[in-house]
Amino acid sequence: MTRPPLRAAAVLDRFGAQRVLAGALEEAFASRSIELELLSHRALVAGVSIVQDGRERPRVEPDRPLLWLSAADPSPDLTPDDRFLHSEVVAASRSIAMLSRSPVVNRPTPLSPCGRFPGSAVMGVRRVAGLPGLDVAVRCERFTAMQVGEVAGADEGPVASGAEVYDYATGRSAYGVADRVPGPVRTRRSLPSARLVRVRVAGRGVLAPGSVPRWFETASLDVARSYELQLATVWWLVDEAGRGTLARVDCWTWDRSLDGDAHLIADALAVWLLDEARAPDPGLPGLDAEVAVP
Amino acid sequence: MIGIAGSRADPVMVHFATRCVMREVPFAVIDLVDLAATGGWSLSVPPDGSDVFHGGEVVRPGELSGIYVRPIYLGRSPAEAARWQGLMDGFTAWMDETEVAVVNRPRHHQLNSSKPAHYAWLSASGLRVPPSLMSSDRERLAEFVRAGRAVVKPVCGTRATTREIAATDVDALPEPAGPLLVQRLVEGDDVRAHVVGEDVVACRFSSTAIDYRSDRQARRQRVDVPDALADLLVDLTAEQGLTFAGWDFKVDEAGDYWCLECNPMPGYSFYDRVCDGAVSDALVDVLGGWLS
């Protein structure tokens, strides 16, 4: 008997910031005979129900594999009513992705809309330092703002020179501070002699420049696994001795940072999804135990 | 000294500060809204002794015994949003690593803002939860509503008055109207139980209104919940990474407790008045360092 084709959906910004990724996914999944529907969060929610009868495990109908690739639909200039509807759609789609019994790439968890990745980029890096068995260097951080109208003294600015600075007022990052800024700013010690290396985790493998020592691939996989991510980008600062400092972890993938990897990412995700769809249902930890009432 | 981090415009913060005054507990106010608007700060991660807020008061957070935080954004302009983001990025990361007691720390469950998943977790955790349906399919929704009395609720964490829904209401909805969450109505009294650390403070409301909060005549009294349930709530609050949570129940004619939700940032002042300040007192004990 012929098995029906696998049907999956990708939830992403297919007409905007993830258009290239969406196209690559369509091609890769078609080549592996997976029917892939590209959906906004609104479209996903329009076609799915969640049934909870209080006796059996929750049912997502229809339940199909998902690529959870964005947290929400774009939301420019919303009215208060639109904002409420936007929040409702976000909450509904997150529940669908959490409760689906099918494989979900970057499945949201009770702790985060994307795997277990924390809501702050700072914590996303800092918490890796505490992972058992993973000796990863991270930097101290400092957050400062002067009071409005205050001017920094000649010897005491908000930011030391030689720092990597993110300015919240402009949304720009820089090294050192040419002109003192009121901020707020986030600063970390800069590593001027280090080179920035990107390792992309996709499915069960990594995409990394050939010149990167294997340790970085393994460490990047460990970082992604610790956050329960199947698609992530891990950025390292590698010094002349080959030692690495974790610089950033991205749990969402946008076209602007694809750098030609779109088809490799898409293919890795298709392979992951096929493997997972064949595997027995592992259950949803903490969310689908049989109902037990005291 | 306890730190109170939030906004002076938040009645819950004012209520807690008032209780501190009544009990002669020293506290410092970290008005996050004012700080973001006009103040200054320096916070390091990991925390160190130089960390400071320069707002209406100068507060060194590392010197506090505990911090009660309720971050509510009230800004409007892009500039205000940028300053708020800068403040909260730093303060959240600081709270994630500090040894100072924080109610509640950043790494806790966010399920309350995604109700179907929240219900699944409550149910899997051993609580009795009313049946529900989340759908955009009008026919399915109408069928659920026709099968028994039901209420409609937001899917997200936005607070709203709970109201009963009829099948005709579903039919009258415009298309497309987005997702709808309907839940079987449980008739009976309401119980709000606050968990603070290992303490449980509960009060019960009797009302004919669907949402007792809209009924000023509702009878109210402090009560004890059954011991097994109290123990479970303490465990489940901790399991979510919370120190302080507000649990909502309906109690049916048979005396069974039906869990409606667990609120990770409860606006508890209304209930605290029913309980003669017992919730605030429990918070003071946790944050004042007198329990350790």
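The values are calculated or read from the model by the stated rules, or taken from the named source; none is laboratory data. No experiment lies behind these values; they were computed from the predicted model shown. So basically every Cβ, Gly included, is an ideal-geometry build from the backbone, and we count neighbours across all protein chains shown.
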Applying the selection to segment B:113-158, what residues are over 26 Å from the mean Cα position of the chain (by Cα), part of a loop (DSSP other than H, G, I, E, B) and facing chain A (nearest Cβ under 7 Å)? B:136, B:137
Hits in segment A:22-58 - residues which are in a strand (DSSP E or B) and within 10 Å of another protein chain (Cβ to nearest Cβ): A:49, A:50, A:51, A:52
Restricting segment B:235-279 to residues that are among the charged types (D, E, K, R) and touching a helix residue (DSSP H, G or I) at 6+ places or on another chain (Cβ under 9 Å), the one farthest from residue B:111 (Cα to Cα) turns out to be B:273
Being basic (Lys, Arg) and over 18 Å from residue B:161 (Cα atoms) is the filter here; which residues of segment B:205-263 pass it? B:219, B:220, B:222
Taking segment A:18-53 as the search range and keeping residues that are surrounded by fewer than 21 Cβ atoms within 10 Å (Cβ to Cβ) and among the β-branched types (Val, Ile, Thr), which one is farthest from residue A:253 (Cα to Cα)? A:51
Going through segment A:1-21 one residue at a time, which ones are among the β-branched types (Val, Ile, Thr) and assigned to a strand (DSSP E or B)? A:11
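Restricting attention to segment B:74-98, which residues are assigned to a loop (DSSP other than H, G, I, E, B) and either of a type in the set (Val, Ile, Thr) or within 8 Å of chain A (Cβ to nearest Cβ) (or both)?
Selection gives B:98 alone.
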Kindly provide the set of residues from segment B:211-234 that are among the hydrophobic types (A, V, I, L, M, F, W, C), touching a helix residue (DSSP H, G or I) at 6+ places or on another chain (Cβ under 8 Å) and modelled with pLDDT of 90 or more, ordered by number. B:225
Return yes when residue B:101 is in contact (Cβ under 8 Å) with a residue 12 or more places away in the chain, farther than 30 Å from residue B:187 by Cβ, more than 7 Å from chain A (Cβ to nearest Cβ) and of a type in the set (Gly, Ala, Ser) and no when it is not. yes
Per the filter on segment B:223-250, residues of a type outside the set (A, V, I, L, M), within 11 Å of another protein chain (Cβ to nearest Cβ), in contact (Cβ under 8 Å) with a residue 24 or more places away in the chain and farther than 15 Å from residue B:190 by Cα are B:239, B:240, B:241
Given (1) within 10 Å of another protein chain (Cβ to nearest Cβ); (2) at pLDDT below 95; (3) touching a helix residue (DSSP H, G or I) at 6+ places or on another chain (Cβ under 9 Å), identify the lone condition not met by residue B:71. (1)
Keeping to segment A:79-104, report how many residues are more than 10 Å from chain B (Cβ to nearest Cβ), crowded, with 18+ Cβ neighbours inside 10 Å and in contact (Cβ under 8 Å) with a residue 60 or more places away in the chain. 2
Any idea which of (1) assigned to a helix (DSSP H, G or I); (2) under 30 Å from residue A:185 (Cβ atoms) is the one residue B:102 doesn't satisfy? (1)
What pairs come out if I take residues in segment A:109-124 that are within 7 Å of chain B (Cβ to nearest Cβ) and without any contact (Cβ under 8 Å) to a residue 40 or more places away in the chain and pair them with residues that are part of a helix (DSSP H, G or I) and of a type in the set (Ser, Thr, Tyr) whose C-beta lies under 6 Å away, six or more apart or interchain? A:120/B:92
What number of residues in segment A:54-78 are more than 25 Å from residue B:182 (Cα to Cα) and surrounded by fewer than 20 Cβ atoms within 10 Å (Cβ to Cβ)? 5
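Restrict the check to segment B:251-265 and report whether at least one residue is small (Gly, Ala, Ser), touching a residue at least 12 places away in the same chain (Cβ under 8 Å) and surrounded by fewer than 23 Cβ atoms within 10 Å (Cβ to Cβ). Working first, answer last.
First pass over segment B:251-265, keeping only residues small (Gly, Ala, Ser): B:254-255.
Cutting the leftovers down to touching a residue at least 12 places away in the same chain (Cβ under 8 Å) gives us none.
No, because not a single residue in segment B:251-265 is small (Gly, Ala, Ser), touching a residue at least 12 places away in the same chain (Cβ under 8 Å) and surrounded by fewer than 23 Cβ atoms within 10 Å (Cβ to Cβ).
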Would you call residue B:245 assigned to a strand (DSSP E or B) and closer than 23 Å to residue B:158 by Cα? yes
